[in-house]
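> Starting off with a structure, shown below.
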Amino acid sequence: MMQPRGSTLAVFVLVALAFRLAPYVLHAIGVPIDPASTAYPWNFSPVLPLCVFGAACYATGRAAYLVPLAIYLAGDLGIWLLTGRADWAFYAGQPVLYLSVALVVTCGFLLRRQRSWLRIAATGLASAVVFFVVSNFGVWAFGDGIRYPHNAAGLVDCYVQAIPFFRNTLISMALFLPLLFSRVTLRRAAHPQPALSQ
């Protein structure tokens, strides 16, 4: 059986938190970063791949949910400290974002009993779509109604404008899932099982 290497996993968690805070660190040192702009690669991060990996590999389901939610919460607190902008750290649609993260973890449980590279890729794609649909629904539903009016056209526009963020999520899944499910992060336990199938 393959188990996560604690030290490597800790590095991934720290890297995920660093990715979450990076644009706000840049903002704090004078680089103008707008959370609504697509100039910065928002959503390119190992956090969502960690959600999928955690659900598949952590010893308990509780840890699978707690680790990414803790990364998000620590990131939100860090954003507030770095920028002094509570509205960037805590906002009306934030519970929907946390729900989106929890749903990505839930998708990852599909890999708990059986893993192959095809199943990992399909789960990564499915979880990226779930995150995209749910989180952007929250942006539309809990926004002020000015940028995205609270009607069907506004909802469609919200999803269209979020496509670059979705692309970055897909790139993250394609890059970080193979790393997480490789021998870099996983080690063979006392009772070995066959390696991932092709």
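The values are calculated or read from the model by the stated rules, or taken from the named source; none is laboratory data. Only a predicted model underlies this, so the values are computations on that prediction, with no experimental measurement involved. FYI the Cβ positions are ideal-geometry reconstructions off the backbone, even for glycines, and counts take in every protein chain you see. All accessible areas refer to the heavy atoms of the entire protein, side chains included, with ligands and DNA or RNA removed. Shrake-Rupley method; radii C 1.70, N 1.55, O 1.52, S 1.80 Å.
> Quick check on this structure: which one of S100, S116 is under 26 Å from D34 (Cα atoms) and either charged (D, E, K, R) or open to solvent by less than 80 Å² (accessible area, probe 1.4 Å) (or both)?
Among S100, S116, only S100 is under 26 Å from D34 (Cα atoms) and either charged (D, E, K, R) or open to solvent by less than 80 Å² (accessible area, probe 1.4 Å) (or both).
> Go through the stretch 53-89 and report how many residues are hydroxyl-bearing (S, T, Y) and within 13 Å of the chain's Cα centre (by Cα).
Here the count works out to 2.
> Would you please list the contacts, defined by Cβ atoms under 7 Å and residues six or more apart or on different chains, that run from a residue in the stretch 28-44 that is touching a residue at least 60 places away in the same chain (Cβ under 8 Å) and on the phi < 0 side of the Ramachandran plot to a residue that is open to solvent by 60 Å² or more (accessible area, probe 1.4 Å) and outside any loop (DSSP other than H, G, I, E, B)?
Here the result reads F44/I171, each pair linking the stretch 28-44 to a residue that is open to solvent by 60 Å² or more (accessible area, probe 1.4 Å) and outside any loop (DSSP other than H, G, I, E, B).
> Please name all residue pairs, on different chains or six or more residues apart, with Cβ atoms under 9 Å, provided the first residue is in the stretch 102-130 and is free of Cβ contacts under 8 Å to residues at least 60 places away in the same chain and the second residue is surrounded by 15 or more Cβ atoms within 10 Å (Cβ to Cβ) and of a type in the set (K, R).
L110/R119; L111/R119
> Can we say R147 is under 26 Å from G6 (Cα atoms) and in a loop (DSSP other than H, G, I, E, B)?
No; evaluated as a whole, the condition is false for this residue.
> Restricting to the stretch 67-93, count the residues that are within 19 Å of S37 (Cβ to Cβ), open to solvent by 50 Å² or more (accessible area, probe 1.4 Å) and in a loop (DSSP other than H, G, I, E, B).
Of the residues in the stretch 67-93, 2 are within 19 Å of S37 (Cβ to Cβ), open to solvent by 50 Å² or more (accessible area, probe 1.4 Å) and in a loop (DSSP other than H, G, I, E, B).
> Would you mind finding the one in T106, T185 that is within 22 Å of L17 (Cα to Cα) and at pLDDT below 90?
Going through T106, T185 in turn, just one is within 22 Å of L17 (Cα to Cα) and at pLDDT below 90: T185.
> Taking the stretch 150-169, which residues are open to solvent by less than 30 Å² (accessible area, probe 1.4 Å), in a helix (DSSP H, G or I) and small (G, A, S)?
G154, the sole residue that qualifies.
> Further question: Do we find that L175 is modelled with pLDDT under 95, of a type outside the set (D, E, K, R), open to solvent by 70 Å² or more (accessible area, probe 1.4 Å) and under 19 Å from F53 (Cβ atoms) in this structure?
No: the conditions fail for L175.
Matching residues to (1) of a type in the set (F, W, Y); (2) surrounded by fewer than 19 Cβ atoms within 10 Å (Cβ to Cβ); (3) in contact with a helix residue (DSSP H, G or I) (Cβ under 9 Å, 6 or more places away or on another chain); (4) closer than 24 Å to S127 by Cα:
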position: A10; (1), (2), (3), (4): no, yes, no, yes
position: V25; (1), (2), (3), (4): no, yes, yes, no
position: Y40; (1), (2), (3), (4): yes, yes, yes, yes
position: N43; (1), (2), (3), (4): no, no, yes, yes
position: P46; (1), (2), (3), (4): no, no, yes, yes
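> Given G124, G138, which one is of a type outside the set (D, E, K, R), modelled with pLDDT of 95 or more and in contact with a Gly (Cβ under 7 Å, 6 or more places away or on another chain)?
G138
> Right, something else. Cβ-Cβ below 9 Å, separation at least six or inter-chain, first residue in the stretch 71-86 and farther than 9 Å from L21 by Cα, second buried (at least 17 other Cβ atoms within 10 Å of the Cβ) and among the charged types (D, E, K, R): which pairs?
That search, which allows pairs on different chains as well, returns I71/R20; Y72/R20; A74/R20.
> Which residue, of A16, A36, is at pLDDT 90 or above and either crowded, with 17+ Cβ neighbours inside 10 Å or in contact with a helix residue (DSSP H, G or I) (Cβ under 9 Å, 6 or more places away or on another chain) (or both)?
A16
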